[in-house]
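Peer 1: Have a look at the structure that comes next, please.
The values are calculated or read from the model by the stated rules, or taken from the named source; none is laboratory data. If you're wondering where the values come from, they're calculated on a predicted model, not measured in any experiment. As a convention, Cβ positions derive from the backbone with ideal geometry for all residues, glycine included, and neighbour counts pool all protein chains shown. All accessible areas refer to the heavy atoms of the entire protein, side chains included, with ligands and DNA or RNA removed. Shrake-Rupley method; radii C 1.70, N 1.55, O 1.52, S 1.80 Å.
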Amino acid sequence: MLVAMLNLTRETAEQVMRRGPWLASMTEPFRTELLRHAHLQKFAPDQVVYRHGDAVGGMYGLVAGSLTINSAPPDAASRLIHLGMPGAWTGEGPFLTGQPRRVELRALGGAWMMHVPLDALEQMMARDPGVSRAIAMNTVFTVDVLLRIIHDLQKRDVGRRIASVLQRASWVGDMPIPLSQTDLGIMANASRQQVNTAMQRFARAGWVSYTYRSVTVSNPQALRRFSEGDGSEW
């Protein structure tokens with residue numbers, strides 16, 4: 001993945017985005033038109049893509065690297081809730097509603113992204129009203145992910161919640177993910193000690209490897225089976 005980030009070409013970026021769940025479900029004319037307006041952008045580690053409350057803007061798609069999605073109700077501080085998945089898009093809310101951003105995106109360990117400006121989306125819609133429905137479909141895919149997150153957080157066993165977070169983190173690909181145990185605890189609603197205990201067990205089983213500030217998931221299937229109660233008891 002690091003080599004891919006260093007040698008990323010426009011052609012490779014478009015191939016990644018075309019394989020993502022949303023664009024893969026769209027028509028070829030729509031995919032071609034959207035990507036024609038997309039600009040390839042590089043973000044440094046910890047650089048903010050946009051913040052909660054920022055003015056209306058366009059859509060972003062993650063091509064390579066790692067990205068955190070942080071959010072909370074308006075009266076609470078934003079917290080880490082999910083990691084971006086290569087091929088996935090977000091940021092269509094302002095286009096659909098005309099309202100400011102509701103989440104924060106931040107490049108975790110550096111990221112390459114495709115950006116389609118708001119005016120380009122509006123031009124596409126002016127030519128074809130069906131574009132609004134196509135873009136709204138991305139919100140449906142986002143809701144599917146949020147339902148998975150809620151499902152995982154409702155698991156009573158803390159070890160299974162942590163396994164669920166790690167399994168979702170594997171969506172970014174086979175690469176070290178710069179997440180600390182504190183980060184994992186936030187995502188799993190677990191203490192740092194609980195995360196540490198779980199990580200030691202998962203590492204002994206060969207499911208993950210980790211350092212102080214990164215984790216690599218080597219067996220997401222085993223984590224998924226365990227998280228759903230199909231593996232050995234905690």
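Peer 1: For GLY53, what is the net charge nearby, where nearby means another residue's Cβ is under 15 Å from its Cβ and Lys, Arg count +1, Asp, Glu -1?
Peer 2: Overall, the nearby charge balance is +1.
Peer 1: Now for a different question. When all C-alpha to C-alpha distances in segment 13-110 are sorted into bins of 10 Å, what percent of pairs does each bin hold, rounded to whole numbers?
Peer 2: Answer for segment 13-110: a P(r) of 15, 45, 33, 6, 0 percent.
Peer 1: Points 7 angstrom from Cα along the Cβ direction at VAL143 and HIS52: gap in nanometres?
Peer 2: Rounded to a tenth, the inter-label distance reads 2.2 nm.
Peer 1: Please give the residues of segment 199-217, grouped as numeric ranges, whose backbone N is less than 18 Å from a label point set 7 Å along the Cα-to-Cβ vector of ASP174.
Peer 2: 206-210, 215-217
Peer 1: In Å², what does the accessible area per residue of the chain work out to with a 1.4 Å probe?
Peer 2: Here the per-residue accessible area is 49 Å².
Peer 1: Can you give me the pair-distance distribution of the chain, C-alpha pairs, 10 Å bins, whole percents?
Peer 2: Going out from 0 Å in 10 Å bins, the chain shows 7, 32, 34, 20, 6, 1 percent.
Peer 1: Hey, if you drop one equal point scatterer on each alpha-carbon of segment 77-144 and run the Debye formula without solvent, what base-10 log of I(q)/I(0) do you get at q = 0.15, 0.19, 0.27 Å⁻¹?
Peer 2: Values, matching the q order: -0.57, -0.89, -1.46.
Peer 1: Let me ask you something else. Using unit Cβ charges (K, R positive; D, E negative) and no other charged atoms, how large, in debye to the nearest 20, is the dipole of segment 1-125 about its Cα centre?
Peer 2: 260
Peer 1: Let me ask another. Given R₀ = 35 Å, FRET efficiency for SER191-ALA136 by Cβ-Cβ distance, to 0.05?
Peer 2: After rounding, the FRET efficiency stands at 0.35.
Peer 1: Same structure again: Counting only protein heavy atoms and a 1.4 Å probe, tell me what percentage of segment 12-123's accessible area is made up of carbon and sulfur.
Peer 2: 53
Peer 1: Let me ask something additional. Working from the alpha-carbon coordinates of segment 107-234, get Rg over Rh, Rh being the Kirkwood radius.
Peer 2: 1.10
Peer 1: To the nearest 10 degrees, how steeply does helix 10-19 sit against the main Cα axis of the chain, on a 0 to 90 scale?
Peer 2: For helix 10-19, the angle is close to 70 degrees.
Peer 1: Also, quick follow-up: So what is the calculated 222 nm ellipticity per residue for the chain, using -39500 (n - 2.57) for each DSSP H run with n of 4 or more, over all residues, to the nearest 500 deg cm²/dmol?
Peer 2: When only DSSP H runs of four or more count, the value is -13500 deg cm²/dmol.
Peer 1: Still on this structure, please answer the following. Count charges around GLU104 for me, please; just the other residues with Cβ under 15 Å from its Cβ, Lys/Arg as +1, Asp/Glu as -1.
Peer 2: In short, +2.
Peer 1: Now, a different point. Please express the Cα-Cα pair-distance distribution P(r) of segment 46-163 as a list of whole percents, one per 10 Å bin, running from 0 to the bin with the greatest distance.
Peer 2: 13, 41, 35, 11, 2, 0
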